[in-house]
Amino acid sequence: TDLNGCSNTDAVDVTVNALPSVGAGADEEVCDGETVTLNGSGAVSYSWTGGVTDGVSFTPTVGATTYTVTGTDANGCENSDDVIVTANALPAIDAGADLSACEGDDVTLSASGGDTYVWDGGITDGVAFTPSVGTTTYTVIGTDVNGCENTDDVDVTVNALPAIEAGAEVEVCDGETVILNGSGGDSYVWDGGVTDGVEFTPTLGTTTYTVTGTDLNGCTNTDAVDVIVNELPTVDAGADMTACEGEELTLSGSGTADTYTWDGGVSDGVPFAPTGTTTYTVTGEITATGC
């Protein structure tokens, strides 16, 4: 209506557009260090909180974080939605302390800090195995109830056994003493009541003595030596004799010996002229053994 009281009409259309049905996607759960890509839906363009760019991967921090996306459609209308991203911390896997063993010993590796464990090198967690000589690093992958993994290492050092030597075979005569000395280790223990480096009188016959040697790593090994004790010959110088001055006598040893040797310049089986009263001693020897 104007100042003259005259009126006319016109019309305008008002269009109210529905807000876009914006979706932020399903909640996600990852492990620390893994990347996440968030994608909005239901609009034309999207703006995220928390420094996130739609469709671009990023690494979330540990914990549960809510990200909000604002979507704008072709009409310029906006709507928003939230998504929760949970980043679980990695488990603190512990492979255990470094181990030292001797060649042939069994070793058991048991990890902690996770729910399940997978070892390299064909090792099974908690099951004994025999490692080879040298230092080997074994790695375990531990997985927790969230499916997150972490690793740890342990060194297993296997020391070679010492090369223990009991010495060369010993052959003596009955009544003689013997000293046995082990070598190749740091300390030695003998069987048969023998003490390393201490003389003893072995019994008649052949006896095998075994020594156990231990090195500085605590590893042990053994070796054996035969001690042969030969019997003494039986020797008889004969009955005492009486002769007249100038008369010759013959001394002959007998028994199990092979040869007989007299003192006082006497030869076995050879006549001689003794003087006064003299004691003559004969020594019989078994040639093969020297007893």
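The values are calculated or read from the model by the stated rules, or taken from the named source; none is laboratory data. Predicted model only: the values in this text are computed from it and were never measured. Cβ sites come from the backbone with ideal geometry, for glycine too, and all protein chains shown count toward neighbours. With ligands, DNA and RNA removed, areas are computed over all heavy atoms of the protein, side chains included. Shrake-Rupley method; radii C 1.70, N 1.55, O 1.52, S 1.80 Å.
List of remarks:
- Computed accessible area, CYS6, all protein chains, 1.4 angstrom probe, square angstrom: 80
- FRET efficiency, SER100 to GLU149 (Cβ-Cβ, R0 25 Å, nearest 0.05): 0.30
- With a Förster radius of 35 Å applied to the beta-carbon distance between ILE141 and THR53, the computed FRET efficiency rounds to 0.60.
- Distance between the 7 Å Cα→Cβ label points at ALA64 and ASP120: 3.7 nm.
- Inter-site label distance for THR208 and SER110 at 7 Å from Cα along Cβ, in nm: 4.0
- Fully extending the segment from SER21 to VAL270 would add 75.9 nm, taking 0.36 nm per residue of separation and subtracting the current Cα-Cα distance.
- Ellipsoid semi-axes in whole angstrom, largest first, where each is sqrt(5λ) of the Cα gyration tensor of segment 138-291: 68, 11, 10
- Surface share of carbon and sulfur [accessible, 1.4 angstrom probe, percent] for the chain: 46
- Between ILE228 and LEU216, the modelled labels are 3.9 nm apart [label points 7 Å from Cα along Cα→Cβ].
- Within a Gaussian network of the chain (alpha carbon springs, distance under 10 Å), most fluctuating of ASP258, ASP186, ASP196: ASP258
- Sorting 244-255, 75-86 by average packing, meaning the other beta carbons within 10 Å per residue, from highest down gives 75-86, 244-255.
- FRET efficiency estimate (nearest 0.05) - Cβ-Cβ, MET241 to ALA168, R0 30 angstrom: 0.05
- Summing charges over all other residues whose Cβ lies under 13 Å from the Cβ of THR130, with Lys and Arg as +1 and Asp and Glu as -1, gives -3.
- Remark on the chain: CYS6, CYS77, CYS244 stand apart, with no other cysteine beta carbon under 4.7 Å.
- More than 33 angstrom apart: percent of Cα pairs within the chain: 68
- In this structure the amide hydrogen of LEU232, modeled in the peptide plane, comes within under 5 Å of the amide hydrogens of ASP174, none closer than 5 places in sequence on its chain.
- Charge context of THR66, other residues only, Cβ under 13 angstrom, K/R +1, D/E -1: -4
- For the residues VAL36, VAL127, a 1.4 Å probe over the protein chains yields an accessible-area ranking, largest first, of VAL127, VAL36.
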